[in-house]
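Below is one structure, written out as structure tokens; comments come after it.
Taken together, the values in this text are just the output of simple stated rules run on the coordinates, not laboratory data. What you see is a predicted model; the values in this text were computed from it and never measured. Quick reminder, even Gly has a Cβ in these numbers, built from the backbone with ideal geometry, and neighbours come from all protein chains shown.
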Amino acid sequence: MIDLHFGLGMRIRNEFGLWHDNRDLLMDCQRIKYGDAADSCLSMDPDDASGLIIRVLWARLRH
């Protein structure tokens, strides 16, 4: 999975504006990762968010 970080992950971070404060997507990723434990304070890092997006995409492609 780390092999995708600099290719697909960078593309996701750039195209979806994760470095430019796309708070809605970052909060959605935070809610997916932490569920009900996610609080309203944004703490999701763009690198972590893109990794989560890749993992979710991979899981959905496999099913």
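A few comments on the model shown:
- Near Met10: Cβ cut-off under 15 Å, other residues only, Lys/Arg at +1 and Asp/Glu at -1. The net charge is -3.
- Across the range 6-12, coupling constants 3J(HN,Hα) worked out from phi with the 6.51/-1.76/1.60 Karplus curve, θ = phi - 60°, read 8, x, 5, x, 5, 4, 5 Hz, and Gly and Pro carry x.
- For Pro46, net neighbour charge (Lys/Arg +1, Asp/Glu -1) across residues whose Cβ lies under 10 Å away: -3
- Neighbourhood charge, 14 Å Cβ-Cβ cut-off, centred on Lys33 and excluding it, Lys, Arg +1 and Asp, Glu -1: -4
- Here the chain is assigned +1 on the Cβ of each Lys and Arg and -1 on the Cβ of each Asp and Glu. Its dipole about the Cα centre then comes out at about 300 debye.
- Using θ = phi - 60° and Karplus 6.51 cos²θ - 1.76 cosθ + 1.60, couplings along the range 31-36 (whole Hz; Gly, Pro as x): 5, 5, 6, 9, x, 5
- Dividing the radius of gyration of the alpha carbons in the chain by their Kirkwood radius gives 0.97 for Rg/Rh.
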